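One structure is given below, encoded as structure tokens.
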Amino acid sequence: MKLSLNWLSSLVDLSGIPLEDITSALIRSGTEVNSALPTCAGVIAARITSLEWAGSKDHPLAVCTVDDGSGTARNLVSGAPNLREGVLVPFAPPGTFLPIIDLLIEPRPFGRGKWISEGMLCSARELGLSGDHEGILLLEKGSPGQPLHELLEQDTILDVEITTNRPDCLSHWGIARELAALFERPLHSLHWETENGPLPVPAGKTLPCTVTVEDTDGCRRFMALAMDNVAVGPAPQWMQQRLLSVGVRPIDAIVDISNYVAHELGEPLHMFDYDVVAKDGRTPGNAELIIRRAHDGEALLCLDGVERHCTPDDIVVSTPAAALSLAGIMGGEHSGISASTTRIIIEAASWNPRRIRRTSRLHGIRTDASALFEKDLSDDLPPPAIERAAVLVASLTGGTLALSGAVDIHPGAQAPSPPVTVTASAISGILGYPVAGDSVSSIMKRLGADVAADGEHFTITAPVFRNDLVLPEDIAEEIGRCIGYDALPATLPGQRRDAPRPDQYLIDGDARIRDIALGAGFTEARTTSFVSDEDLATALPACAHPDGSGSPRAVTITNPLTDIGSRLRTSLLSTLLRSLVLNVNRGVVSPRLFELGHVYWEGSRTSLPAGTMPDGIDETRTPLPLEPRTFAMAAAVPERDAEGAAELLHLMRRTVERIVDEKGKCRLDWVQPDSPNELFHPGRTVWAYAAGVPAGYAGELSKSVRDMLDCKDRIVVLECTLDAVITASDIAVAYPSPPRFPGIAEDLALAVPESSTGLDLLQEITAHAGVLLESARIIDMYRGSGLPEGHRGYTVRMVYRSPERTLTNEEVSTVRTAVLSHLETALHAVQRS
């Protein structure tokens, strides 16, 4: 949100406070300030010394040379029609940033590179001085090179971010309240004054206007005021300057007044042409407004020229004949202000924020008004807003004003925030910093709250615009941010907990799974559950369906935030692979990621979920999707590192096996598929089964899949449904003692028939090696010359160890001989030399 410092200064006394102190105070109190830029910073005066017209007849260009006081002539190109030799103009050299139009000035080619403009000549609108954009601003005084802020009044534009719980700060008046509390400065009373003094309030009577609120759920308050004798024309320069400073283009006085009040007080307004509304009334000469739900399919031509077809969930302001506006979002073109308008109706309302948000998203339209109404504005804003607008209309357009004639329908008043009782000691305990009772009272009063003291207790009633102050912690937060969190001392927490006994030391199961994956060298990723149709099209099969058939359907989001998040993921790898490839393409070498989360399978649930009510109603409704807890890993290595990919595949399998071993429910059986899968590299895929039930898969992705993902590195993945193998929510931590005796490692080179897999080989070795074999893993696989026909080569690393003694070579030799003999009998495998 953009703020004008000059505008703020008209609402609160900021005299003598440096800009740096203002921005620092806002940041410390919770309002992030992204930038604070003077409107004319870097802009200087320059004189045109020569000028030649070029370009086409329809698009003439002024090719000129200017003197900017540097001693070096600058070549510039402009399309402004009012340039001539000898005039003094505002000049923005390269590197200048113009905050009004959010533009960084750089050299720019014109005429297909024939001319280069070394900067930019500025109009009044580009400097935030008025809405005039017909030509370059001509300066009446000054000399080349003189800073423009010495010649013209300069403003400073603050770009701030407001947290979602503070809709009261979404205006200049709201930020002015904050600054008044932070600096203990007085607010300027809203007496409806400009720099020229109080606005006159002419006497008169309002035009007849009736309002009926049928949709009391959507409309909490509606005010309307009709005014006569309005003259539509341009707004005064001071108003245009303020609107330009916050990024709003001036249009005419009536529209500009509605925008001005919205940015000053935070209450969006709408202006109707009274005669258009009265023409459709049931009583001649009476403007009748009805706030209702839209009819299904009802057409409304909006101010942006787009015809929208409404739904019954939309709120419209209408006459008895037709809809006039999409409430809280955009007006209709039929009833908008035109040059011939002489009578108007000013609307100020309070709308249901959820209804406004749904309508905005449904129709794909987001306006300044909808952005404000979505934040649940106070229903006390319409009265001052409509009064402010009425006085401005009377002063600037000559309209006839009579505030007593305003219609005010208030069917759904917001409940006030309940009083909160606190003590200074309680506030001190929350903040960890001593706070005196006088400070509690004075700070909350400065923030607009009512404070009643009763000894050590303070009963605080929040102002109407602060419905977020409902707990003692909320009061402590307000006091802490006004003191300044940087003033609070850095201390350790004051409370201590007894250390648990060893037999009590249980950790959350998910935390233990993360520890194991982190210990294996993987980094945790947390990706979104929302995916697009494209993500689903490129996703791997769900881990419970290793053959790719019967894969679960994705859940469709009825009202997605964006098209790229219209479905719920059926596999963690849909989004995990996107993150992996992003890291690879950003230069991260061999990234390793894992994720633990839920996937969503439509139509796969076979029983009612936990928490189902016993009344049987849930059984009659559409079943919820199955949400299995899933663990996935993805890693990349350079394309040339085939051995590294094999190591990764083995590491991933061992990681999952360790997780399953610690849970103790069942073991995983790894089986190579009978037929190759086009998604994976041939011979580098295994499926996991738990008690005969598919539980996951692991493998290296094929080159076609990597090309689809736009990744040149080899990618190895694993996905496992933990619900198939794990049920306990807690794991008792087990720490094995370090081995007391050294182990003996040796590599066994074997030639194995193609009909047997590496998994078969490892299973036979571990089943018949005896207790002295600690581990066996495949570290290499070979196909090629030097092997018997129909065989492939494996290198198995064997580690032998005894918990009771140091093994001898003879003991290891005995085990090895027994293993080789068994492998020759069971698999027809032979040792390679």
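If the chain linking residue 214 and residue 534 were pulled fully straight, counting 0.36 nm for each residue of separation and taking away their Cα-Cα distance, it would gain 110.8 nm. Net charge dipole, the stretch 643-717: roughly 180 debye, given to the nearest 20, about the Cα centre with Cβ charges of +1 for Lys and Arg and -1 for Asp and Glu. Taking 0.36 nm per residue of separation and subtracting the Cα-Cα distance, full extension of the segment from residue 564 to residue 746 would add 60.3 nm. The charge dipole of the stretch 751-830, taken about its Cα centre with unit charges on the Cβ of Lys, Arg, Asp and Glu (plus for the first two, minus for the last two), comes to roughly 200 debye.
Projecting the Cα atoms of 681, 231, 776 onto the dipole axis of the chain, where Lys and Arg carry +1 and Asp and Glu carry -1 at the beta carbon, places 776 farthest toward the positive end.
Measuring only protein heavy atoms, the 1.4 Å probe finds residue 485 accessible over about 100 Å². The residue 24 and residue 2 beta-carbon pair, evaluated with R₀ = 22 Å, returns a calculated FRET efficiency of approximately 0.70. Under the simplified labelling scheme, the residue 774-residue 450 pair shows an inter-label distance of 7.6 nm, with each label point 7 Å from Cα along Cα→Cβ.
Taking label positions 7 Å along the Cα-Cβ direction at both residue 32 and residue 296, the computed distance is 4.3 nm, reported to one decimal.
I need the Kirkwood Rh of the stretch 316-385: take the reciprocal of the average 1/r across all distinct C-alpha pairs and report it in angstrom.
Taking the inverse mean of 1/r over all distinct Cα pairs, the stretch 316-385 comes out at 13.3 Å.
When each full DSSP H helix of the chain is screened for a Cα extent of at least 20 Å along its own axis and an average Kyte-Doolittle hydropathy of at least 0.0, the helices passing are 382-397.
Calculated from the structure at hand, percent of Cα pairs over 56 Å apart is found among (i) 25; (ii) 12; (iii) 34 as (iii). Between the beta carbons of residue 238 and residue 421, assuming R0 = 60 Å, the FRET efficiency works out to 0.80 to the nearest 0.05. Averaged per residue, the chain has 48 square angstrom of accessible surface, using a 1.4 angstrom probe with ligands and nucleic acids left out.
You can think of it this way: the chain between residue 755 and residue 342 has 139.5 nm of extra reach, that is 0.36 nm per residue less the Cα-Cα gap. Expressed in units of 2.2 N^0.38 Å, where N is the residue count, the Cα radius of gyration of the stretch 29-160 is 1.09. Of the residues 460, 143, 558, the one whose Cα sits farthest toward the positive end of the charge dipole of the chain, with +1 on the Cβ of Lys and Arg and -1 on the Cβ of Asp and Glu, is 558. In terms of packing, defined here as the mean over residues of other Cβ atoms within 10 angstrom, the peptides 60-66, 774-780, 218-224 line up highest first as 218-224, 60-66, 774-780. For residue 637, the shell of other residues with beta-carbons less than 10 Å away shows a net charge of -3, using +1 for Lys and Arg and -1 for Asp and Glu. Packing around the peptides 707-715, 373-381, taken as the average count of other Cβ atoms within 10 Å per residue, puts them in this order, highest first: 373-381, 707-715. Here's the picture: charge each Lys and Arg Cβ at +1 and each Asp and Glu Cβ at -1 in the chain, and of 377, 15, 591 the one pushed furthest to the positive end of that dipole is 591.
Placing +1 on the Cβ of every Lys and Arg and -1 on the Cβ of every Asp and Glu, with no other charges, gives the chain a dipole of roughly 1220 debye about its Cα centre. Accessible surface of residue 251, taken over heavy atoms with a 1.4 Å probe and every protein chain present, rounds to 100 Å². Can you tell me the FRET efficiency between residue 311 and residue 640 if r is taken as the Cβ-Cβ distance and R0 is 41 Å, rounded to the nearest 0.05? Calculated value: 0.10. At 1.4 Å probe size, with the rest of the protein present, what percent of the exposed accessible area of the stretch 1-122 is carbon and sulfur atoms? Ligands and nucleic acids excluded, carbon and sulfur reach 50 percent. Both radii come from the Cα set of the stretch 101-183: Rg as radius of gyration, Rh as Kirkwood radius; their ratio Rg/Rh reads 1.12.
Around residue 421, under 12 Å between beta carbons, what's the net of Lys plus Arg minus Asp minus Glu among the other residues? Charge balance near residue 421 sits at -2.
Note that the stretch 1-91 shows a convex hull volume over its alpha carbon atoms of 179 Å³ per residue. In a DSSP loop and with at most 13 other Cβ atoms within 10 Å, the GluC sites (Glu not before Pro) in the stretch 86-151 are 134, 140.
Only DSSP H runs of four or more residues enter the estimate; each adds -39500 (n - 2.57), and after division by the residues of the chain the mean residue ellipticity at 222 nm equals -7500 deg cm²/dmol.
Put a dot 7 Å past the Cα of residue 229, heading toward its Cβ, do the same for residue 809, and the two dots end up 11.7 nm apart. Under 5 Å between amide hydrogens, built in the peptide plane, is the criterion, and for residue 220 it picks out 350, 351, 352 among residues at least 5 positions away or on other chains.
The values are calculated or read from the model by the stated rules, or taken from the named source; none is laboratory data. Bear in mind the structure is a predicted one, so any value in this text is a computation, not a measurement. All Cβ positions, glycine included, derive from the backbone under ideal geometry; neighbour counts span all protein chains shown. In case anyone asks, the SASA skips ligands and DNA or RNA and just uses the protein heavy atoms, side chains included. Shrake-Rupley method; radii C 1.70, N 1.55, O 1.52, S 1.80 Å.
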